[in-house]
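Working notes, beginning with the structure itself.
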Amino acid sequence: MSETASDLPASDIDWLDADDVADALGIEPGQVARLIHEQRLTGVRRAGTWYVPAGFLDDGAIVKGLPGTITLLADAGYSGAETIDWLFTAEETLPGRPIDALRENRGREVHRRAQIAGF
């Protein structure tokens with residue numbers, strides 16, 4: 001789960017550093033790494049700091065269904081950067097990007113696709 005700057009997904013993503021994520025969630029910055037370790041969030045590490053896509057947060061909370069999706073993809077062997085890329089890449093069978101479907105409370109559809117993504 002510890003990627004470097006060269007592993008950043010190619011997608012056009014707004015990034016938050018650990019301090020910004022902590023502020024948004026009302027937690028201490030050190031707890032962001034714990035959330036990543038527990039697969040409730042995923043991110044990439046640059047210069048010793050975790051960066052998380054802003055789209056993973058919604059109104060002071062982690063997007064509903066995101067932790068389960070991260071776990072499914074991690075179990076399929078996806079790295080944090082690969083998971084981010086998968087979530088931000090349009091999927092014609094949804095339609096749209098999986099992260100948008102999660103934000104629209106369509107987690108079951110996303111989870112089905114995440115389950116088959118590793119096969």
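The values are calculated or read from the model by the stated rules, or taken from the named source; none is laboratory data. Quantities reported herein were computed from a predicted structural model and do not represent experimental measurements. A quick note on method: Cβ atoms are made from the backbone with ideal geometry, for glycine too, and the neighbour counts reach across all protein chains shown. Ligands, DNA and RNA are excluded from the accessible area calculation, which covers all protein heavy atoms including side chains. Shrake-Rupley method; radii C 1.70, N 1.55, O 1.52, S 1.80 Å.
Can we say Gly80 is in contact with a strand residue (DSSP E or B) (Cβ under 8 Å, 6 or more places away or on another chain) and under 22 Å from Arg108 (Cα atoms)?
On the way: in contact with a strand residue (DSSP E or B) (Cβ under 8 Å, 6 or more places away or on another chain): yes; under 22 Å from Arg108 (Cα atoms): yes.
It is true that Gly80 is in contact with a strand residue (DSSP E or B) (Cβ under 8 Å, 6 or more places away or on another chain) and under 22 Å from Arg108 (Cα atoms).
Only one of these conditions is not met by Ala18: (1) under 24 Å from Gly107 (Cα atoms); (2) at pLDDT 95 or above. Which number is it?
Against the list (1) under 24 Å from Gly107 (Cα atoms); (2) at pLDDT 95 or above, Ala18 comes up short only on (1).
Sort out for me the strands (runs of 3 or more DSSP E) sitting completely within the stretch 15-119 that have 1 or more residues that are open to solvent by less than 20 Å² (accessible area, probe 1.4 Å) and aliphatic (A, V, I, L, M). Talk me through it step by step, then tell me what you get.
Working: elements: 15-17, 44-46, 49-53.
Those strands (runs of 3 or more DSSP E) span 44-46, 49-53.
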